[in-house]
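None of the figures in this text is laboratory data; all of them are computed from the coordinates on show. Only a predicted model underlies this, so the values are computations on that prediction, with no experimental measurement involved.
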Amino acid sequence: MTTARERRSGLLIPLFAATSTASWGIGDIGDIARLSEWLASAGQRILQLLPLNEMASGGQSPYSAMSAMAIDPIYICVADVAEFQAEGGEAGLSAEDRERLAEARGSARVEYGLVRPVKHNALCAAFERFVDHEWTKDSSRAARFRAYVDKESWWLEDYALFRALHEREQRTWAEWPDGLARRDAAALEAARQDLSRQILFYQYLQWIAGLQWEQARESARAHGVALFGDLPFMVDRHSADVWSEQEEFELDRSVGVPPDAFSATGQDWGMPPYNWNVLAQNGYRWLHSRARRSAALYDGYRVDHLVGFFRTYSRPRAGDGEPAFSPSKQVAQLRLGERVLNIFRGAGSEIIAEDLGTVPDFVRAALTLLDVPGFRVLRWEREWEQEGKPFRNPADYPRNSVATTGTHDTEPMIAWWEGADDEERRAAGEVPLIREASRGVDLLSAPFVPVVRDALLEAMFASASNILLLPVQDVFGWRDRINEPATVNDENWTFRLPWPVDRMASEPEARERQSALRQWAERHARV
């Protein structure tokens with residue numbers, strides 16, 4: 001399915017934020033079942049996740065990945081790994097790792113520096129047991145693993161080799177010995193022989209992650225919840241994809257965006273842009289692969305930074321040169337964007353498009369033509385050219401669109417409302433659906449929680465958009481922010497829900513929100 005024909009609603013909840021009493025300081029694949037159960041009881045039919053791709057070394061942004069295909073092993077539910085259980089479970093961890101685990105679990109934020117090494121050590125021990133008790137004995141479990149490796153070799157082979165080389169070299173691939181950096185066949189074969197055990201380890205991790213993901217999807221589907229992913233526009237320069245497909249990237253340039261509302265100077269993401277000419281010559285093979293992998297993982301997914309697939313903004317990494325769009329002409333931009341969207345649509349998953357920011361009119365026209373839902377963010381949906389800049393009534397949003405109160409990049413709804421002046425808040429309160437949902441209460445004088453929050457939320461449920469996706473912070477009226485664009489700090493991407501997801505059914509605040517969400521979904525035909 002590729003279009004939003006049914007009225008549905010769901011929540012944007014980063015998996016890392018959705019910890020349970022069993023998880024290790026970060027939400028993991030095993031927690032999806034518990035989260036899906038709570039969402040289903042709240043009448044919600046979509047769980048929107050942020051990217052789960054393996055993050056860049058030492059980083060914590062899901063949008064800067066060292067693989068566009070691999071699931072980050074940090075999301076593996078270690079307790080459910082058969083070999084880890086056989087090794088004694090948590091009791092088999094070293095004293096140091098048990099201390100790290102306790103600290104990670106007790107933190108109010110995701111502590112990547114604690115979680116990642118503890119999970120890595122536990123999975124290394126599980127792998128050693130797998131080799132000793134399954135692989136060397138050619139067991140039935142080993143046969144299932146071998147079948148997985150054969151089936152997924154189209155992406156797994158290069159990824160596992162890259163990860164093994166990354167572990168050995170401890171530097172970017174551009175700094176590796178020349179034969180490995182250039183992917184000389186003899187050098188690659190020698191590396192495969194030298195690093196065969198490490199390659200097997202990284203294949204094992206993806207097998208375990210894949211098995212757990214299949215179970216999570218089955219559980220979500222059993223609750224009537226669709227899992228939506230997020231396809232990042234780019235991957236990290238030091239990634240398996242850029243290393244294995246070097247000719248398809250412009251390695252002397254850096255992708256970003258022009259100046260906009262988030263940054264007066266624009267943004268430089270430090271990642272290489274696509275070489276669109278080479279991709280076209282290769283039949284867009286790599287993008288087809290990304291679409292194939294995303295369709296295998298998700299019921300649907302958000303295409304991040306959609307405008308970049310029509311025209312990519314980049315700067316020279318060094319030396320002379322100016323920022324530029326590629327392609328440079330509108331006719332070519334339109335042709336490229338439509339081609340890419342058709343590649344994503346053709347793989348079998350439903351897609352929605354992040355068309356926010358500075359986006360030319362022809363891009364949104366293409367979305368309409370191709371029947372791909374774009375986003376309608378309440379605070380930005382205004383008649384900017386009219387006097388007073390009135391808000392658009394959500395009842396007038398296009399049916400084939402995604403309504404929302406914010407994204408992972410925006411400040412929470414409560415921060416927006418409190419930061420708005422009286423004129424802006426008064427204009428919002430005059431929107432017919434919001435006025436109706438407020439039931440006569442003066443929103444200017446009412447406390448944000450619960451009166452204003454719920455009036456804004458119910459108006460979005462009543463919107464004409466067939467899909468409604470609400471950030472979990474806005475549903476509760478929390479001030480927590482997932483990410484602040486154009487900044488790198490220890491706070492981004494560390495948000496955690498205040499309670500374990502397996503206890504939400506007994507938390508009074510979560511129960512109240514669960515009931516409200518279900519009532520709105522039923523009242524406005526989203527169940």
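I'm a student and want to see the number: the projected area of the Cα convex hull of region 162-299, averaged over all directions, in nm².
11.4
Using all C-alpha to C-alpha distances in region 1-153, build P(r) with 10 Å bins and read off the rounded percent in each one.
Binned Cα distances yield the sequence 10, 32, 34, 20, 4, 0.
Reported to two decimal places, what Rg/Rh ratio describes region 248-372 when computed on Cα atoms with Rh from the Kirkwood expression?
My calculation of the ratio gives 0.96.
Please compute the volume of the convex hull spanned by the alpha-carbon atoms of region 1-76 and report it per residue in Å³.
Convex hull volume per residue, Cα atoms: 110 Å³.
Using helices alone, what [θ] at 222 nm do you get for the chain, with -39,500 (n - 2.57) per DSSP H run of 4 or more residues, divided over all residues and rounded to the nearest 500?
So the helix-based figure for the chain works out to -12500 deg cm²/dmol.
Binning at 5 angstrom from zero up to the longest distance, how are the C-alpha pair distances of region 183-254 distributed in percent?
Going out from 0 Å in 5 Å bins, region 183-254 shows 3, 11, 12, 15, 16, 15, 13, 8, 4, 2, 0 percent.
Give the Rg/Rh ratio for region 42-103, taking Rg as the radius of gyration of the Cα atoms and Rh as the Kirkwood radius, to two decimals.
Rounded to two decimals, Rg/Rh equals 1.09.
Per residue of region 98-111, in order, report the coupling 6.51 cos²θ - 1.76 cosθ + 1.60 (Karplus, θ = phi - 60°) as ³J(HN,Hα) in whole Hz, putting x for Gly and Pro.
With coefficients 6.51, -1.76 and 1.60, one gets 5, 5, 4, 5, 4, 5, 5, 5, x, 6, 7, 10, 7, 9 Hz.
Using only the Cα atoms of the chain, construct the convex hull and provide its projected area averaged over every direction, in square nanometres to one decimal.
25.0
Taking the square root of 5 times each eigenvalue of the Cα gyration tensor, what semi-axes in Å does the equivalent ellipsoid of region 263-321 have, largest first?
26, 17, 9
Looking at the chain, what % of its DSSP beta bridges pair antiparallel, to the nearest 5?
35
Tell me, what does the Kirkwood hydrodynamic radius of region 365-410 come to in angstroms if you use every pair of distinct C-alpha atoms?
11.7
Measuring from the lowest to the highest alpha carbon on each principal axis, how far does region 409-527 reach, largest first, in angstroms?
Cα spread of region 409-527 along its principal axes, largest to smallest: 41, 34, 28 Å.
Run the Debye formula on the Cα coordinates of region 97-155, all scatterers equal and no solvent, and tell me log10 I(q)/I(0) at q = 0.18, 0.29 1/Å.
So the normalised log intensities are -0.74, -1.07.
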